[in-house]
Amino acid sequence: MPRPALRSRSLRRTKKNTPGGRSKIHYSKPKPSPAVCALCKGRLSGVPKKLPYQMKRLPKTKKRPERPFGGHLCSKCLRESIKSSIHLR
């Protein structure tokens, strides 16, 4: 029986065959959910789908797009908000 931390059904289980001919179960961490836009809740392009410790190791330019509100708003919502703010003036 696996240790209590590995009994969670949220962990991915993969069967691996060892060189000795035995089969073992390997447990992997769950995949993180994708980054979403703050307005339309759509998936953000240009933001990798990685775990926090993997994101920490990436350079800043690989974590989000290089534009205003990059990593928070998708390009479509950003374009619409800029257009609407110009019309309000």
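The values are calculated or read from the model by the stated rules, or taken from the named source; none is laboratory data. Given the structure is predicted, the values throughout are model-derived calculations rather than measurements. Note that we place each Cβ from the backbone using ideal geometry, even for glycine, and neighbour counts take in every protein chain shown.
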Residue in the range 59-89 that is modelled with the lowest pLDDT, counting only those that are loosely packed, with under 12 Cβ neighbours inside 10 Å and part of a loop (DSSP other than H, G, I, E, B): R89
Total residues in the range 27-46, condition surrounded by 11 or more Cβ atoms within 10 Å (Cβ to Cβ) and either more than 30 Å from L73 (Cα to Cα) or basic (K, R) (or both): 2
Single condition P59 does not satisfy, out of (1) over 16 Å from G70 (Cβ atoms); (2) in the same structural domain as C77 (by TED's automatic domain parsing); (3) not small (G, A, S): (1)
